[in-house]
Number of protein chains: 2
Amino acid sequence: MAVRLGRQTVKLTFPPAFIGTAAVVGKKEGEGPLKECFDYISEDSYFGEGSWEKGESHMLLQCFRTACDKAAKTPDAIDYVLSGDLLNQCVSSAFAMKDSGVPYFGLYGACSTMAESLSLGALLIDSGAAETVCAITGSHFCSAERQYRFPLEYGGVRTPTSQWTVTGAGSAILGGGQGPIITNITTGKIVDAGITDANSMGSAMAPAAYDTIMAHFRETGRSFDYYDAIFTGDLGAVGHDILQALFHDDGFDPGIRYMDCGVLMFDLKTQGVNSGGSGCGCSASVLCGHIVPAMQRGVWDRVLFAATGALMSPLSAQQGSTIPGICHAVAIENTGRN
Amino acid sequence: MAVRLGRQTVKLTFPPAFIGTAAVVGKKEGEGPLKECFDYISEDSYFGEGSWEKGESHMLLQCFRTACDKAAKTPDAIDYVLSGDLLNQCVSSAFAMKDSGVPYFGLYGACSTMAESLSLGALLIDSGAAETVCAITGSHFCSAERQYRFPLEYGGVRTPTSQWTVTGAGSAILGGGQGPIITNITTGKIVDAGITDANSMGSAMAPAAYDTIMAHFRETGRSFDYYDAIFTGDLGAVGHDILQALFHDDGFDPGIRYMDCGVLMFDLKTQGVNSGGSGCGCSASVLCGHIVPAMQRGVWDRVLFAATGALMSPLSAQQGSTIPGICHAVAIENTGRN
């Protein structure tokens, strides 16, 4: 049974463990600082398929299978898969999972999807509805560019505040077993700071990250000091700095324990990604390839994973609408220190 | 605590009640057979906004507020909202809910979204994570036509198997109180029957409805006889007849207790909708405007609500992909007969 700690936060009574994680990424991501962390780095942006969209789906399926394998579970042993992505109508998830035979909950949380799927998946286990679930999401630079911005062939110049959609997928099998556990879940409200620049997503999402992280602290009685590391999803360098400034305004200095997955994914000086990585696959592959494995090695024992999403579409931007943001936070802890 | 009855079905220990439902629809829907059922019928396809997409969002917000009002709850008393829609990146839901202050789970289940949101919402209550949730979804003919098919101005001729996207929204507040309760949840697997005709969605979704409904019977030990009425989401006349044929092939004759929301929404002879209604808003507004209120009046005591979705996009259709279907089923029962 989940215990409500406040408006947005619940504490799990039967916290599930990360029993298998996998991260599959593209070539550029495999040349970045986290290159040693990924299970598979594809040299081919099509992942052997005939289109980028089909390649994205292939990447998700490969990631799902790898996570199942690392958890020593067949798809038959997975009670639910919770998945979503950035493509219109979330087709890369649907096509990846369509032959799996696993009961399927489709999600749309933009780049917050990994935290949303972990939240709902952990709650399904805590409730007894499931023993084992898979949370999975991903994104693809090429399919995202042509859907959200311009055809790649156009060669449009990118603004300094823009981010680079990560080609990558992350998949986590949650269930009973050894591994870091999900202890608390803080679900985001939508926060609209009035940003309208679709090339500055970090600015649009940082206020949502601030709102959710502060709600988490308020409702759990925890503070920055409690956590060894706090990761936002994909605010990039611009959003990271805005969030730091918001913390500072409140008299908090998280210091180096606060990191952003979009900043970690690439070398911002040399890889030409401007403000950093973005996309569902950014925080998902950093979580599943880097954060959880590092926790398993004892690098950190208490982590707050706060994935962020921008709830807009190209059409809403064209119609002059603002860019509402959302952030879902999941507390991940090594059992030994609970 | 939810009790697993099988691969796809769970039984709720603390089944939540429908404590408030609302349905808001467009003019054409308000001229159909269910016209007396809806809380509000708009004469204006823009719902007073400057675009159809903003109108869709307005409709969802109006529906949310009406349901809250009928449940005598303010948004502050709603623990989670679970919402999704058909627009790219689910923007009509996000913009509808962005100022509500309610923790938000975005879903994408295509036209199955109402059953998906009820499923996850009921499980959140059963688990103790929530006391009160809102499940809400909708669709809009004009925004869907130009996104999925052609600009309305083009005046394209529609095939006999095509369906008419319902302009409508349905919202259900689940929680403790009087009203029909959700007792069992059967979550769909994705079923791909190999259909590629994007103008025959009923054909693509009927096999998924069959799969989920038969799984529900197998895992609960129930049969057609148990239910007073069984509703599929929006198979339309074509999909309804395919599903009937699939039942007959197995030796079952559900008779008149099996109905489809897409068939019920319009007068198929006179309203020019070909195979019937479709869209997230079809099953949502029929459930919230017609089915649940009829259960409250004692017309039916045991209902299986099986909303169906086609997990495709215009791009996946253009790339020659099949149309995978999904169906989530929710058993709704009047407490008196449990």
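The values are calculated or read from the model by the stated rules, or taken from the named source; none is laboratory data. For clarity, every value in this text was computed on a predicted model and none was experimentally measured. Backbone-built Cβ (ideal geometry, glycine too); neighbour counts: all protein chains shown. The protein model used for the area step is the full one, side chains on, heavy atoms only, and it has no ligands, DNA or RNA in it. Shrake-Rupley method; radii C 1.70, N 1.55, O 1.52, S 1.80 Å.
Laid out as a table, the results:
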read-out	value
Looking only at the range A:184-224, and only at residues there that are within 12 Å of another protein chain (Cβ to nearest Cβ) and among the polar types (S, T, N, Q), the one that is farthest from A:THR165 (Cα to Cα)	A:ASN184
Of all residues in the range B:223-244 being farther than 25 Å from B:MET201 by Cβ and either touching a residue at least 60 places away in the same chain (Cβ under 8 Å) or in a helix (DSSP H, G or I) (or both), the one that is most open to solvent (accessible area, probe 1.4 Å)	B:ASP225
B:SER117 being surrounded by fewer than 21 Cβ atoms within 10 Å (Cβ to Cβ) and either within 14 Å of another protein chain (Cβ to nearest Cβ) or within 24 Å of A:ARG7 (Cα to Cα) (or both)	no
Residue among B:PHE150, B:PHE95, B:PHE105, B:PHE141 that alone is within 11 Å of chain A (Cβ to nearest Cβ), at negative phi and open to solvent by 10 Å² or more (accessible area, probe 1.4 Å)	B:PHE95
Any chance B:ILE125 is β-branched (Val, Ile, Thr), over 18 Å from B:MET312 (Cβ atoms) and under 18 Å from the mean Cα position of the chain (by Cα)	no
Among the residues listed as B:SER321, B:SER278, B:SER316, the single one being at pLDDT 95 or above and within 12 Å of the chain's Cα centre (by Cα)	B:SER278
Odd one out for A:HIS290 among (1) more than 10 Å from chain B (Cβ to nearest Cβ); (2) more than 19 Å from A:CYS111 (Cβ to Cβ); (3) open to solvent by 10 Å² or more (accessible area, probe 1.4 Å)	(2)
Residues satisfying the stated conditions in the range B:28-57, i.e. under 19 Å from the mean Cα position of the chain (by Cα) and touching a residue at least 60 places away in the same chain (Cβ under 8 Å)	B:LYS28, B:GLU29, B:GLY32, B:PRO33, B:LEU34, B:CYS37, B:PHE38, B:ASP39, B:GLU56
Any hit, the range A:133-142, residues being over 21 Å from A:GLY277 (Cβ atoms) and in contact (Cβ under 8 Å) with a residue 60 or more places away in the chain	yes
Residue list for the range B:180-211, restricted to those being in contact with a Pro (Cβ under 9 Å, 6 or more places away or on another chain) and open to solvent by less than 20 Å² (accessible area, probe 1.4 Å)	B:ILE181, B:ILE182, B:THR183, B:ASN184, B:THR186, B:THR187, B:GLY188, B:ILE190, B:ALA204, B:ALA208
Residue identified as under 18 Å from the mean Cα position of the chain (by Cα), farther than 23 Å from A:VAL81 by Cβ and open to solvent by less than 40 Å² (accessible area, probe 1.4 Å) among B:CYS90, B:CYS68, B:CYS63, B:CYS111	B:CYS63
Residue within the range B:296-312 that is of a type outside the set (A, V, I, L, M), more than 12 Å from the chain's Cα centre (by Cα) and open to solvent by less than 30 Å² (accessible area, probe 1.4 Å) present	no
Residue among B:GLY128, B:GLY177 that alone is assigned to a loop (DSSP other than H, G, I, E, B), open to solvent by 10 Å² or more (accessible area, probe 1.4 Å) and either facing chain A (nearest Cβ under 10 Å) or within 18 Å of B:CYS261 (Cα to Cα) (or both)	B:GLY128
Output for the range B:71-81, where each listed residue is open to solvent by less than 50 Å² (accessible area, probe 1.4 Å) and at the interface with chain A (Cβ under 9 Å from one of its Cβ atoms)	B:ASP79, B:TYR80
Where a residue in the range B:64-85 is more than 21 Å from B:ASP126 (Cα to Cα) and its partner, wherever it lies, is part of a helix (DSSP H, G or I) and open to solvent by less than 40 Å² (accessible area, probe 1.4 Å), with Cβ under 6 Å and at least six apart	B:GLY84/B:CYS90; B:GLY84/B:SER93; B:GLY84/B:THR113; B:ASP85/B:SER92; B:ASP85/B:SER93; B:ASP85/B:CYS280
Count of residues meeting criterion [charged (D, E, K, R) and either more than 11 Å from chain A (Cβ to nearest Cβ) or not in a loop (DSSP other than H, G, I, E, B) (or both)] in the range B:1-22	2
Residues (open to solvent by 10 Å² or more (accessible area, probe 1.4 Å) and more than 14 Å from the chain's Cα centre (by Cα)) located in the range B:259-275	B:ASP267, B:LEU268, B:LYS269, B:THR270, B:GLN271, B:GLY272, B:ASN274
Lone unmet requirement of (1) away from chain A (no Cβ under 14 Å); (2) open to solvent by 40 Å² or more (accessible area, probe 1.4 Å); (3) farther than 21 Å from B:HIS248 by Cα for B:SER171	(2)
Number of positions in the range B:23-55 that are assigned to a helix (DSSP H, G or I) and open to solvent by less than 50 Å² (accessible area, probe 1.4 Å)	6
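Table: residues versus (1) more than 24 Å from A:LEU311 (Cα to Cα); (2) touching a helix residue (DSSP H, G or I) at 6+ places or on another chain (Cβ under 8 Å); (3) modelled with pLDDT of 95 or more.
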site	(1), (2), (3)
B:LYS11	yes, yes, yes
B:VAL24	no, yes, yes
B:GLU29	yes, yes, yes
B:GLU36	yes, no, yes
B:GLU56	no, yes, yes
B:LEU60	no, yes, yes
B:ASP76	no, no, yes
B:VAL81	no, yes, yes
B:ASN88	no, yes, yes
